[in-house]
Each structure stands twice: as structure tokens, then as C-alpha cells.
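Just below is one structure, and these are the notes that go with it.
The values are calculated or read from the model by the stated rules, or taken from the named source; none is laboratory data. Remember, it's a predicted structure, so these values are computed and weren't measured experimentally. Here the Cβ is made from the backbone with ideal geometry for all residues, glycine too, and neighbour counts use every protein chain on show. Keep in mind that these areas ignore ligands, DNA and RNA; they rest on the heavy atoms of the full protein, side chains included. Shrake-Rupley method; radii C 1.70, N 1.55, O 1.52, S 1.80 Å.
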Amino acid sequence: MAVQAPRGTSDILPDRVKLYQYIEQRAREVFERYGYSEVRTPIFEETALFVRGIGEVTDIVEKEMYTFQRGEGEASLSLRPEGTAGVVRAYIEHNYPKRKKFQKFYYLAPMFRYERPQAGRARQFDQFGVEVLGSDSPLVDVETILLACAFFDAVGLEGYTVKVNSMGCRRCRADFREVLLEALRARRKDLCEVCRERLERNVFRVLDCKKAKCREVCAELPTLAEHLCEDCSTHFDRLREGLDAARRGYVHDAHLVRGFDYYTRTVYEITHGGVGARDAICGGGRYDDLVEELGGPPTPAGGFAIGVVPMLLAVEKSMTDELKSRLTDFDAPVPVDVYVVAVDEGTRLYAFRLLEALRKAGVAADADFEGRSLKAQMRTANRMKARFVAVVGPDEKDKNAASVKRLADGSEASVLFEEIAAHARQ
């Protein structure tokens, strides 16, 4: 049997890697322009971290985590299904609350969930995310929304929609939970089997169900916005005022919730019609209780995560044909400053010595490694859009030089070995 990639994973080959690199470069540029610093956490953590952070009664913790034992009597480990819990754990462990409480982090990292593979969903997938810790200002939430939009704008994505809501605080949700339970018990028979099981254990999970019949039921339910306490209501008003001040269009979706237990107050999604029924390409919000729940001091916080694959599906629909061709051309070589050409076998070693000298001098250079003819090497130099070709034959080898040709205008000069790097920078 031929060896294949595990179900739900994929190889990212050179043609797709270019697109990923383009997206990653734009992400780093935008995130750092907004003052965020990169953080890298382990791809696995103690399982208890995700149970406490995400919530025990969630699809991720109940069914989707890759969990394994280290050894007898030791705590189990899980591959991370999302990024926030690990970042918060690192924030606490490295004593940021006392060193410098306010922090702005970003990450670009793989995540793992055991779910049915489908378009835009895989078992290993990449996420971009940001986390802001140490401020309860609604303007932090506004900034993270604007940051996500700035990133989408930077990669040329058009036609996305920002949706916002408030999930309130613990006090709001405690009161609303009873209202919600009463309303859903009356519609229990109309819910999917999973939501009927969720109803008594964690009723808010029903609001996050993507099944059509459950969404129809939820659309008719009372909303949390009608039960917010005064502080949460004021916080949500300030959020909307901030978005208005920034002239950022949005929709208030009163039924919007997020699927993790740690969310409080602000929640938001950015959606795009180009990725199908599950149209969210970014999800985020505030998690003011999570740091304390994981053993740190009370610390307000918030952030978002962007799923790279669904986002790419949307981006590719918006991308210009020219950019798409440039980023997905498997045969397009990496451009170089100098292509070194050996006339015959007797000069290949000298050509290789020149190639390495150029690279050590900081000049992007390449050469033939297939023993091809002079004409074939020249064709490759043109295809690689090399600025210069350095041709070495027996005469050049004897003179410790090369015949250097500028391809843009055809000008040519004999240049000594030690001067070729400087010549190539002209």
C-alpha cells in the first residue's frame, strides 16, 4: 500500500506555500504595525488546561481533542485545538501580571481537532490569532476588530461582514440562562439530538449549533442583549461607538455567540459568503475571567483567531488573476541576482566556488546542477529573471574571473573573481 497523508491533513507543496508565505508576511506586517509581539507556545499542553479554559461541555473537549498519556500516573496531554488557552498559560507562568500586565501577542500556528474533514475544515489546520491581556477597555475590542479587518484588507479580501454582540458577564448569563432554558424546553422536540443532550448541561451551546433546524429555533428565542446588566450594556455601547468613530461598518447580530465557555461580554465574527454555509473566517471576543480561572490574578483580556484555510478560500475568490498566477505558479523559480553558468565540465568546480562566494557575500545566486548545455543554462537564467549571468569557461578560470552579462541591456564585462559580488550589487 502506498503511504499517504493521514485523513484530514494535507501537504502544502511549493505552489501553495507561496500563497501561505504571502498571507503570513501580510499578517506579520499588520500585527506588528499595531504593536503586537509574536509568541510561540507548545503544540501540546496538559489536557486540563483546555478542559478548564474551553469548557468541559463543548464539542472540542468532548469529541475533538487528540489526547494521549505520557506514562502511568501522569497527567494526560492534548494537541492544542486552539491558541488562547496556551497563550494565557504562558502569560501566567512567566509572571507577566507582575512584570508588565498589559501585553499584546500574536501567533501563527498549527492546531488539531478530530472532526469530519470537509471544505475549509481539517484535522490539522493553521490559525492566526491575537491576544490582548490587561485591559477591560472596549476600545481594545474595537482595536482587535479593526486589526482583523486591516489584515483582510492587506491581502485584498473584499465582501466580508463584521458581526458583533455581547454575551454579558457571569451575572448576566446566570439570569438569562433560566430564561433560555424555559424557552428551549418548550421547543425541545424541534432541536437536534445533540442539542437535546446539551440543553441541561450547557444551554448556551445550543445557541452555537450550526444545524438548520436549531438555528431556526434560536432565531425566535429571547436575546441576551435584552438581559445585560448596566455595566455590560454600557461596555457594548462603547464598543459600538468606537466602531462608529473608526467608520467601521458592522452588523449587530443579537443571536451571535461563541462556542467556548471562556467568552464574556464582546463577541464577534467576520464572515464571508465565499466559504459556504460555515462562513466565519474570524472569530473573537473578550475573556475577562480566563486568566483567573487558570490560576492567575483577575485580568481582563480579549482576542481573535483566523482560520487560514477558510480565509484562503475567500481570499482566492477576491484575488486578481495576476496575483493568483504569481502565487500559485509551481514552475516559477525563486528570482536571483546572479546565475552562474559553467561552459564545460572542466569549469563546473570553479563555477561552484564562485556560486558559494557570491552567496557568502549576501548575493542571491544559483547555478545548474544537472550537467546541462550552455544554451539550456542561459534559458534557465532568463526564466529565473536573473539580473546578471556570470559565465565561466577555461579562459575565465585561468584569469580567476568571469564574463558577467547584465540581462536587462546585454552589457558585458570581464570581472575578477573577488569583484563579482560588488559588480552584482550595481
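Look at the range 280-298: where a residue is free of Cβ contacts under 8 Å to residues at least 24 places away in the same chain and a partner is part of a loop (DSSP other than H, G, I, E, B), sitting 6+ places away or on another chain with Cβ atoms under 6 Å, you get 292/298.
The residues in the range 195-207 that are touching a residue at least 40 places away in the same chain (Cβ under 8 Å) and in contact with a helix residue (DSSP H, G or I) (Cβ under 9 Å, 6 or more places away or on another chain) can be counted, and the count is 4.
As a summary of the residue check, residue 226 satisfies the conditions (1) in contact with a Phe, Trp or Tyr (Cβ under 9 Å, 6 or more places away or on another chain); (2) within 30 Å of residue 151 (Cβ to Cβ) except for the one numbered (2).
Does the range 1-11 include one or more residues that are without any contact (Cβ under 8 Å) to a residue 12 or more places away in the chain, among the β-branched types (Val, Ile, Thr) and open to solvent by 70 Å² or more (accessible area, probe 1.4 Å)? Within the range 1-11, one or more residues are without any contact (Cβ under 8 Å) to a residue 12 or more places away in the chain, among the β-branched types (Val, Ile, Thr) and open to solvent by 70 Å² or more (accessible area, probe 1.4 Å).
Put simply, of 129, 156, 168 the only residue that is surrounded by 16 or more Cβ atoms within 10 Å (Cβ to Cβ), part of a loop (DSSP other than H, G, I, E, B) and small (Gly, Ala, Ser) is 168. Condition check for residue 269 on (1) without any contact (Cβ under 8 Å) to a residue 60 or more places away in the chain; (2) of a type in the set (D, E, K, R); (3) within 22 Å of residue 300 (Cβ to Cβ): one failure, at (1).
Just to verify a result, which residue in the range 184-208, among those that are of a type in the set (Asp, Glu) and open to solvent by less than 80 Å² (accessible area, probe 1.4 Å), is nearest to the chain's Cα centre (by Cα)? Among those residues, the one meeting the criterion is 208.
Residue-wise test of (1) within 25 Å of residue 260 (Cβ to Cβ); (2) open to solvent by 40 Å² or more (accessible area, probe 1.4 Å); (3) not aliphatic (A, V, I, L, M).
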position	(1), (2), (3)
22	no, no, yes
43	yes, yes, no
51	yes, yes, no
75	yes, yes, no
83	yes, no, yes
86	yes, no, yes
101	yes, yes, yes
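Restricting attention to the range 27-39, does a residue exist that is in contact with a helix residue (DSSP H, G or I) (Cβ under 6 Å, 6 or more places away or on another chain) and of a type in the set (S, T, N, Q)? So far as the range 27-39 goes, no, none of its residues is in contact with a helix residue (DSSP H, G or I) (Cβ under 6 Å, 6 or more places away or on another chain) and of a type in the set (S, T, N, Q).
Within the range 217-238, how many residues are modelled with pLDDT of 90 or more and open to solvent by less than 50 Å² (accessible area, probe 1.4 Å)?
6
Regarding residue 87, is this residue in a strand (DSSP E or B) and under 19 Å from the mean Cα position of the chain (by Cα)? When the stated conditions are applied, residue 87 does not pass them.
Taken over the range 127-185, residues that are without any contact (Cβ under 8 Å) to a residue 60 or more places away in the chain and of a type in the set (A, V, I, L, M) amount to 6.
If you filter the range 107-126 down to residues that are touching a Lys or Arg at 6+ places or on another chain (Cβ under 8 Å) and part of a strand (DSSP E or B), you find that the one that is most open to solvent (accessible area, probe 1.4 Å) is 121.
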